[in-house]
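S.K.: Please find one structure pasted underneath; my questions will follow.
Each reported figure results from applying straightforward, stated rules to the coordinates on display, with no laboratory input. Since we're looking at a predicted model, the values are computed, not measured. No Cβ is skipped: glycine too gets one built from the backbone with ideal geometry, and neighbour counts run over all protein chains shown.
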Amino acid sequence: MHSYAEFRQQRLAGTTTCSETVSSFLKAIEASSHNAFLTVCKDSALEQATAADARFEAGTARPLEGLVLAVKDNISTKGIRTTCASKFLENFEPVYNATIVDRLVDAGAIIIGKTNLDEFAMGSSTENSAYGVVDHPTHTGYVPGGSSGGSATAVAAGLCHVALGSDTGGSIRQPASLCGLVGYKPTYGRVSRYGLVAFASSLDQIGPMTVNVVDAALVTEIMMGYDDRDATSAEREDTTLDISSDLDISGKVVGVLPAEQLEGLEDSVRAAYDNHIQMLRNKGAVIEEHAMQHVEVGIPTYYIIATAEASSNLARFDGVRYGVRKEHEGEDIMVTSRSNGFGPEVKRRIMLGTYVLSSGYYDAYYNKALKVRHMMSDFYKELFSRVDMYFLPTTPDTAFKRGERTKDPVKMYLSDYYTVSSNIAGIPSISIPAGTDEAGLPIGLQLQTGMFEDAKLLQWAKAMGA
Ligand code: GLN
């Protein structure tokens, strides 16, 4: 794995160049059989590397000069195919960049390619891609998690410095956890969603997947900030993510889960959780048990809100406005195009979403889910008036074998048991690497703080060694 912060030091010291680095990443991508990338931008990346070297030589290197970036393929890149891992968008080339892509490129990042994902970011294993599964970076036959599995593998297999993911219910943190990376979902509204192909607009958030928290802060500081093209973008005065000073943990209150909410955790994850709590205690933190309220309804609430919004967002893919058109004589173009273009998981979600929004069931499902959403936000508000940081597992277990959960969607959905609540409430959260299990599979643990306490969240992650 290659950290950008370390690379930058080496480039400034003259012990490496951007051209060499990009070439070696391209070689590694070619040699890799992970299927992490759907598109590789070889020529433009090499060209930009030459320009980046010139800037370093001239002493005009920008904050992310020469950072080799992989972008999840549901984020719009002008003139670069953006498929959302769907057959429907096989040939789609956006005519504009997502705001964050513009910001990162203007700061010197080099896009090396677009990464594989679960179709339209729906899934937890990257097995729902129309372009083939992604292999776990170190354990062949295992999944890298999802939906940002291509991005996780790209970083963890050493194919780029940093990758971007999107997180609607855990899709940055869960694959980061399964692949031994830092995965950070910023506060909702912190990072512009303009140009992110919408799955569930009130839950989606873009964030970085990195080797360490320093890289995560560097990249997010460039991405974040108000964007008038995103109606939910937050206008804030704090525009930096400074994590240079060390957080003094001593005397700080950390909320942890009570034993009954840890039932079902794999032993290795439980042991890592307990060890890290002990480590915090040793550093002087005050540990308090706080049960996560409504956790048992987190998954149903998430799947009602997410599918309801998805069924509406995906209406634009009809073979007329967007998507590959299919026609059969005497049949409706939209029905034929949608039946052919979407994969089974996307269809399942559209069906579910349409159902919970239908007039007979709206109150029973959708309205009820919104009420739970309010209760969860209230829970967090109260919690963060009492604790500095809330510490929990990221996933109940480590990476699983390919095919193991595809026949049982509910089991797959449970991968996000500990992650969906932060999307539902909008708070920031981060998964950090926390060792490995007996088979050498990575374990991740999750930190959460209050709304817009992103800098504090990253400081905690750094203090815990990430
Ligand atoms: N795994 C969850 C789902 O399938 C979350 C996906 C995401 O965060 N994009 O919806």
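S.K.: Beta carbons within 10 angstrom, averaged per residue: use that to sort the peptides 24-34, 446-456, highest first.
M.R.: So the peptides 24-34, 446-456, ranked by packing, come out 446-456, 24-34.
S.K.: Another question, if that's okay. If we sort 127-133, 363-369, 238-244, 87-93 on the protection proxy, mean other Cβ atoms within 10 Å, highest first, what's the order?
M.R.: Values: 127-133: 20.3, 363-369: 15.4, 238-244: 13.7, 87-93: 17.1.
So the peptides 127-133, 363-369, 238-244, 87-93, ranked by packing, come out 127-133, 87-93, 363-369, 238-244.
S.K.: Measure out, as a whole number of angstrom, how far apart the alpha-carbon centroids of the range 313-340 and the range 157-205 sit.
M.R.: 29
S.K.: For the chain, build the charge dipole from Cβ charges (+1 Lys, Arg; -1 Asp, Glu) around the Cα centre, then report which of S422, V197, G207 sits farthest towards its positive end.
M.R.: V197
S.K.: Let me ask something else. Give, rounded to the nearest 20 debye, the magnitude of the charge dipole that the range 298-442 has about its Cα centre when Lys and Arg contribute +1 at Cβ and Asp and Glu contribute -1 at Cβ. Show your work: numbers first, answer last.
M.R.: Numbers: 18 positive and 17 negative charges, 37 e Å.
With only Lys, Arg, Asp and Glu charged at Cβ, the dipole is about 180 debye.
S.K.: Would you be so kind as to identify which of G465, M375, T77 lies farthest towards the positive end of the dipole of the chain, taking Lys and Arg as +1 and Asp and Glu as -1 on Cβ and the Cα centre as origin?
M.R.: T77
S.K.: Can you give the extra length, in nm with one decimal, that the chain gains between V324 and S33 once fully stretched, where that is 0.36 nm per residue apart less the Cα-Cα distance? Working shown, then result.
M.R.: Numbers: separation 291, 0.36 × 291 = 104.76 nm, distance 2.82 nm.
Separation in residues times 0.36 nm, less the Cα-Cα distance, equals 101.9 nm.
S.K.: Using only the C-alpha atoms of the chain, find the volume of their convex hull and express it per residue in Å³.
M.R.: Spread over its residues, the Cα hull of the chain gives 144 Å³ apiece.
S.K.: Work out the length of the dipole vector of the range 212-351 about its Cα centre, built from +1 on the beta-carbon of each Lys and Arg and -1 on the beta-carbon of each Asp and Glu, and round it to the nearest 20 debye. Please list the in-between numbers first.
M.R.: Details: 14 positive and 26 negative charges, 106 e Å.
Approximately 500 debye in magnitude.
S.K.: With +1 on each Lys and Arg Cβ and -1 on each Asp and Glu Cβ, and nothing else charged, work out how big the dipole of the chain is about its Cα centre, in Debye to the nearest 20.
M.R.: 460
S.K.: Quick one: which of K411/K456; K87/K381; K326/K371; K252/K411; K347/K371; K114/K411 span more than 31 angstrom between C-alpha atoms? The partial results should precede the final answer.
M.R.: Details: K411/K456 33 Å; K87/K381 42 Å; K326/K371 41 Å; K252/K411 36 Å; K347/K371 26 Å; K114/K411 29 Å.
As for pairs spanning more than 31 Å Cα to Cα, those are K411/K456; K87/K381; K326/K371; K252/K411.
S.K.: To continue, here is another question. Taking the Cα atoms of the range 198-342, report the difference between the largest and smallest coordinate on each principal axis, in whole Å and largest first.
M.R.: 72, 40, 27
S.K.: Sum up the charges of everything whose Cβ sits under 12 Å from the Cβ of Q459, counting Lys and Arg as +1 and Asp and Glu as -1, but leave Q459 out.
M.R.: Numbers: positive: K252, K456, K462; negative: D242, D246, D248, D388, E453, D454.
So the surrounding residues net to -3.
S.K.: Tell me which residues come under 5 Å, amide H to amide H, from E90 once H is placed; ignore anything under 5 positions away on its chain.
M.R.: Answer set, sorted by chain and number: V324.
S.K.: Then there is this: Assuming R0 = 35 Å, what is the FRET efficiency of A291 and K368, from their Cβ-Cβ distance, to the nearest 0.05? Numbers along the way, then the final one.
M.R.: Working: r = 21 Å, r/R0 = 0.61.
The value I calculate is 0.95.
S.K.: Quick check: net charge around A121, other residues with Cβ under 14 Å of its Cβ, Lys/Arg +1 and Asp/Glu -1? Don't jump to the answer; show the numbers that get you there.
M.R.: Details: positive: K72, K114, R173, K185, R193, R349; negative: D73, D118, E119, E127, D167, D204, E309, E345, D416.
Net local charge, A121 excluded: -3.
S.K.: I'd like to compare 406-413, 149-156, 160-167: which one has the highest average count of other Cβ atoms within 10 Å, and what's the full order after that?
M.R.: Numbers: 406-413: 14.0, 149-156: 34.4, 160-167: 30.0.
In descending order of packing, they fall as 149-156, 160-167, 406-413.
S.K.: Something else now. Residue by residue through the range 78-87, which ³J(HN,Hα) values in whole Hz follow from phi under the Karplus form 6.51 cos²θ - 1.76 cosθ + 1.60 (θ = phi - 60°), with glycine and proline marked x?
M.R.: 4, x, 10, 2, 10, 9, 6, 6, 10, 4
S.K.: Using alpha carbons only, how many angstrom separate the centre of the range 214-287 from the centre of the range 408-466?
M.R.: When both Cα centres are located, 8 Å separates them.
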